[in-house]
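First the structure, in the form of structure tokens, and then the observations on it.
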Amino acid sequence: MTLAITKTTSTAVPAVVGADLRVPLVTGERVTYANLDHAASAPCLQEVRDAVDELLPWYASVHRGAGFASQVSTRVYEQARDRIRKFVGAHASDAVVFTRNTTDSLNLLARSVPKNTAVVLFDSEHHAALLPWRGPNVQRVPAPSSSGAALVALDRALAAAPVGPRLVIVTGASNVTGELWPVAELAKVARRHGARIALDAAQLAPHRPINVRELGVDYIAFSGHKIYAPFGAGVLVGRADWLQQAQPYLVGGGATSKVTDHGDRLGVAWSAVPERHEAGSPNVVGVHALAAACEILSRHWEQTVAHEQELLTRLRDGLCTIPGFRELSILTDADKVGVVSFTISGFDAGFLAAALSAEYGIGVRDGAFCAHVIVGRLVKQLGSHEERAVRASIGLGTTAEHVDRLVAALRTLVTEGPKCAYTQRDGRWVPEDDNRTLPPFLA
């Protein structure tokens, strides 16, 4: 059984749930929410919600269930592997392992590499890609200033790496700056040195089509919650051999093909990949949502890219008119997806984010974006003593009005100041008199 995904020939971008959400302001008004925090978690696509609603009556146990609903759920779960394999252009032999998110996927890969594998990565990576790798054979290369410099730096690092298995970790699009990294060119450098390459596509997958064969990468990881399917699923796709040779990432039901009692010990025969690394009852709803989002985006890439690039230009042009605005940048020659991180001289990033929310109904991110090393470095280069910035990120739920509201709000905050007084509470800026009420389901 294949659950249908509604097809459309519309030239509009796919619609998101919550596009008409209205939020309270400290002034007592309510306004339509301007979600400029897509890089953290994207809203749910309406078609994804519909796909989940279609599945829920059939929801049952996955694998080994004789009931008809279990057979339907199992078919949905296993078909999702092929749907996602198609989305990323993977080889038929590549494993598709379902996880919770990109962080989970990269930790799984880190647990699966052969002993003494030399790992090379740039220190500009998100913590999900930066932290799982430990030991003396890990090289953290300082972030380059250009795409060409990245190729040279990787070539040198791999030339100095110990003999044996080698793995390069690279992001597709920076979650700090939105800059697109030269993945295909980096993969060629890796190949020249006999290294495999893993792609963190958490920020790339929602914004650009991906083909791992054309890019030349061996592994790819991304998350459902970044790609408009916020139901708790992620995926690792790639070569099966290392995954097959590794001990299961988690142990329990599903990861075992047979367990026998030998008195003083248990004998365990582990399942083959992908079940080997999917112990426990799988998240069939999340996996179905993820696969649905992949198919929906695949039908709308032209509209999606055009929509985001138009709004990104509008956003950057507008922000450049704000006194004291400075944009964070790593690769000065790179194209960008819809992510802009910035500081404004004399203003704390956390204060700006709080005031934008309380007074204008705008959601942005502030802080170091789980990329503390590179954010701290870039902010200091801009002359700030704070290791924090503001990040505005665009997606399918973004409109021109959202962008214009952000620019106008920042200009007012910088030139006229806030409308109310703020104080710090538990490390966060909050209005001193905040009468905004939570939605009824939280009452």
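Around the Cα centre of the chain, unit charges on the Cβ atoms of Lys, Arg, Asp and Glu (plus for the first two, minus for the last two) sum to a dipole of about 1160 debye.
Sequence-distant contacts, meaning Cα pairs under 8 Å at least 6 residues apart, place the relative contact order of the chain at 22 percent. Between helix 400-415 and the chain, what is the angle of the helix's C-alpha long axis to the longest principal axis, kept within 0 to 90° and rounded to the nearest 10? So the inclination is approximately 50 degrees. With a ≥ b ≥ c the root eigenvalues of the C-alpha gyration tensor of region 386-443, is it rounded (a/c under 1.5), prolate (a/b larger than b/c) or oblate? Judged from the Cα gyration tensor, region 386-443 comes out oblate (a/c at least 1.5, b/c at or above a/b).
How many Å² of accessible area per residue for the chain, probe 1.4 Å? Intermediate values should be presented prior to the final figure.
On the way: 19330 Å² over 443 residues.
About 44 Å² of surface per residue is accessible.
Summing +1 for each Lys or Arg and -1 for each Asp or Glu, what net charge is found among the other residues whose Cβ lies under 15 Å from the Cβ of residue 289? Every neighbour counted, the sum reads 0.
Please get the size of the charge dipole for region 94-279, origin at its Cα centre, with Cβ charges of +1 on Lys and Arg and -1 on Asp and Glu, quoted in debye to the nearest 20. Present the calculation step by step, with values, prior to reporting the outcome.
Numbers: 18 positive and 15 negative charges, 64 e Å.
I would put it at about 300 debye.
Got a sec? What order do 145, 341, 281 fall in by accessible area at 1.4 Å, biggest, i.e. largest, first?
281, 145, 341
Pairs of C-alpha atoms in region 94-279 farther apart than 27 Å represent 28 percent of all such pairs. For residue 86, the aspartates and glutamates whose Cα falls under 12 Å of its own Cα, not counting residues fewer than eight places away in the same chain, are 94, 295.
Remind me, relative contact order of region 94-279 in percent, using alpha carbon pairs under 8 angstrom and six or more residues apart?
Details: 355 pairs, mean separation 48.7, N = 186.
Across region 94-279, relative contact order equals 26 percent.
The angle separating the long axis of helix 46-55 from the principal Cα axis of greatest extent in the chain is about 40 degrees.
Which sequence of 336, 115 reflects their accessible areas, 1.4 Å probe, from the largest down?
Per-residue accessible area, sorted high to low, gives 115, 336.
Placing unit charges on the Cβ atoms of the charged side chains and taking the dipole of the chain about its Cα centre, the candidate lying farthest along the positive direction among 367, 118, 58 is 118.
Rounded to a whole number, what is D in µm²/s for region 108-166 from Stokes-Einstein with the Kirkwood radius over alpha-carbon pairs (37 °C, 0.692 mPa s)? The estimated diffusion coefficient comes to 272 µm²/s.
Matching the structure-derived semi-axes √(5λ) of the Cα gyration tensor in Å against the labelled list [x] 33, 25, 18; [y] 38, 29, 20; [z] 44, 30, 19 gives the label [y].
For the chain, with all protein chains present and a 1.4 Å probe, just round the carbon and sulfur fraction of the accessible area to a whole percent.
Numbers: 9940 of 19330 Å².
Within the chain, the accessible surface is 51 percent carbon and sulfur.
Angle of helix 68-88 to the longest C-alpha principal axis of the chain, folded into 0 to 90 degrees and rounded to 10: 70°.
Would you please put 92-103, 380-391 in order of how densely packed they are, using the mean number of other Cβ atoms within 10 angstrom per residue and starting with the highest? Provide the component values of the computation, followed by the final result.
Working: 92-103: 20.1, 380-391: 16.9.
Packing order, densest peptide first, comes out as 92-103, 380-391.
A cut-off under 14 angstrom between Cβ atoms defines the neighbours of residue 312, and their net charge, with Lys, Arg +1 and Asp, Glu -1, is -2.
When only the Cβ of Lys, Arg, Asp and Glu is charged (+1, +1, -1, -1), the dipole of region 309-414 relative to its Cα centre reaches about 160 debye. Select from 161, 350, 128 the residue farthest towards the positive end of the dipole of the chain; place +1 on Cβ of Lys and Arg, -1 on Cβ of Asp and Glu, and compute about the Cα centre. The one lying farthest along the dipole's positive direction is 161.
When you count the other C-beta atoms within 10 angstrom of each residue and take the mean per peptide, 252-258, 227-233, 108-114, 149-155 line up highest first as 227-233, 108-114, 149-155, 252-258. Summing Lys and Arg as +1 and Asp and Glu as -1 over all other residues whose Cβ lies under 15 Å from the Cβ of residue 429 gives a net charge of -2.
The values are calculated or read from the model by the stated rules, or taken from the named source; none is laboratory data. Predicted model only: the values in this text are computed from it and were never measured. All Cβ positions, glycine included, derive from the backbone under ideal geometry; neighbour counts span all protein chains shown. The protein model used for the area step is the full one, side chains on, heavy atoms only, and it has no ligands, DNA or RNA in it. Shrake-Rupley method; radii C 1.70, N 1.55, O 1.52, S 1.80 Å.
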